[in-house]
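Taken together, the values in this text are just the output of simple stated rules run on the coordinates, not laboratory data. The shown structure was predicted, so the numbers you read here are calculated from the model rather than taken from an experiment. Reconstructed Cβ throughout: ideal geometry from the backbone, glycine too, with neighbour counts over all protein chains shown.
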Amino acid sequence: MVFKGKRNGMAIMVTGGNGFVGKQVLRELVRRGEIPISYDIEPPAEDMSDLLSAVRFVQGDVLNIAEVLQAIKRHDINQIIHLVSLLTVASQEDPANAHRVNVAGMVNILEAARLMDIRRIAYSSSLAVYGKTEENPITEDTRKEPISFYGATKLFCEHLGITYRQRFGIDFVAVRWPVVWGPGRGKRSGKPMAYGAGKFSDIIEKPARGESVTVQGGSQRYELIYVKDAALSIVLALFEEGLKHFVFNAGTESTISLQELAEIIKRYLPQAVIRIEEGCDYAVPTRSWLDSSRSKIELGFQPRFSVEHGVEDYLAYLGIEP
């Protein structure tokens, strides 16, 4: 079956398409004239009503390779953006499940690509592969020493993709993001709040509802990438031809403290009560940022959202005029 908007009669599948980053990836693809396939174990979230007529939704599990193969065949898939992942805190609490979802799920996607002649896989990786490095800036060649189960699975999945590339010719690219923030994982998304990076939703959404909020991590600086920019970077990685590399850092090349973020939020929500507690996140660098020059040169990636612009966009999502 051939759908309008597909490249050369083929389509793009986004695994985890109904999730935090996935829904923005779908919007970026739709904006480019694609009709993507969202492959997710969960149904579309409440804040995806604008996508219901523009996206093909397939409910399926990446751990079931038969379902993956069926979706690829039925929808003529030839490109995949793979986003499915158990995140940092959940991975730390249940390493066995992190291996199942993150690693076994990745193997199924790679095997499906091998069996079904998938043109390219773009994979979402993370700053967590570098561990607590003090190198600054962090390049793609910086030593990888993950200290979290999440970071370890991300690095292993990169190596799996590279090995499939070398052994079977699978066109595999990975994009390493810093902390991804923005709308879509908080209360309005219809999904439970995520822990860890979920504080970057709490710090805006709770004050927007008139609630006080306390967040931890005041002893470190964070490199943040707005979720729409993260989505853009991986879409560019999927489409760009003639790449010289296949692993890319994609960040903003700047850092911010939680106190500085709180001050920006208070410009728009003067009554906000935001308490910052000391401490550092265990899984990512304390002050370093990603050197993203490779993604700028080869992918043409340029972040569109400053932190201030991101706060304005987030508040608009919540129905608050900045």
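Put in order of Cβ neighbour count within 10 Å, fewest first, the listed residues GLU253, GLU135 become GLU135, GLU253.
Among GLU240, GLU211, the ranking by other beta carbons within 10 Å of each residue's beta carbon, starting with the fewest, stands as GLU211, GLU240. Over the residues of the chain, the helix contribution to mean residue ellipticity at 222 nm works out to -10500 deg cm²/dmol, using -39500 (n - 2.57) for each DSSP H run of at least 4. Our note on the geometry: Cα centres of the range 106-125 and the range 300-318, 31 Å apart. For the chain, take the longest principal axis of its alpha carbons; what is the angle in degrees between that and the long axis of helix 105-116, to the nearest 10 within 0 to 90? Helix 105-116 sits roughly 30 degrees off the main axis of the chain. For the pair LEU52 and ARG32, the difference between a 0.36 nm per residue extended length and the Cα-Cα distance amounts to 5.5 nm. Of ARG56, ARG294, ARG209, ARG176, the sequence from fewest to most neighbouring Cβ atoms within 10 angstrom is ARG209, ARG56, ARG294, ARG176.
Could you grab the relative contact order for the range 1-142? Cα pairs under 8 Å, six or more apart, rounded to a whole percent.
After rounding, I find 23 percent.
Were the residues from GLU263 through ARG275 laid out at 0.36 nm apart, the gain over their Cα-Cα distance would be 3.2 nm. Result for the chain in a Gaussian network model with C-alpha springs under 10 Å: among ALA262, ALA96, ALA250, the largest mean-square fluctuation is at ALA96. Roughly what angle does helix 149-168 make with the longest principal axis of the chain, taking Cα atoms, 0 to 90 degrees, to the nearest 10? In the chain, helix 149-168 runs at an angle near 30 degrees to the longest axis. The H on the amide N of GLN216, modeled in the peptide plane, is under 5 Å from the matching H of GLU277, each at least 5 residues off or on a different chain. Could you sort out which of LYS132/LYS206; LYS154/LYS199; LYS73/LYS296; LYS23/LYS144; LYS23/LYS132 sit more than 26 Å apart by Cα distance in this structure? Flagged as over cut-off: LYS132/LYS206; LYS73/LYS296; LYS23/LYS144; LYS23/LYS132. Our note on the geometry: Cα centres of the range 133-183 and the range 221-287, 17 Å apart. Have a look at ASN78, ASN64, ASN102 and tell me which one the Gaussian network model of the chain (Cα, springs below 10 Å) gives the largest fluctuation. Result for the chain, Cα springs under 10 Å: ASN64 fluctuates most. Of all DSSP bridge pairs formed entirely within the chain, close to 10 percent run antiparallel.
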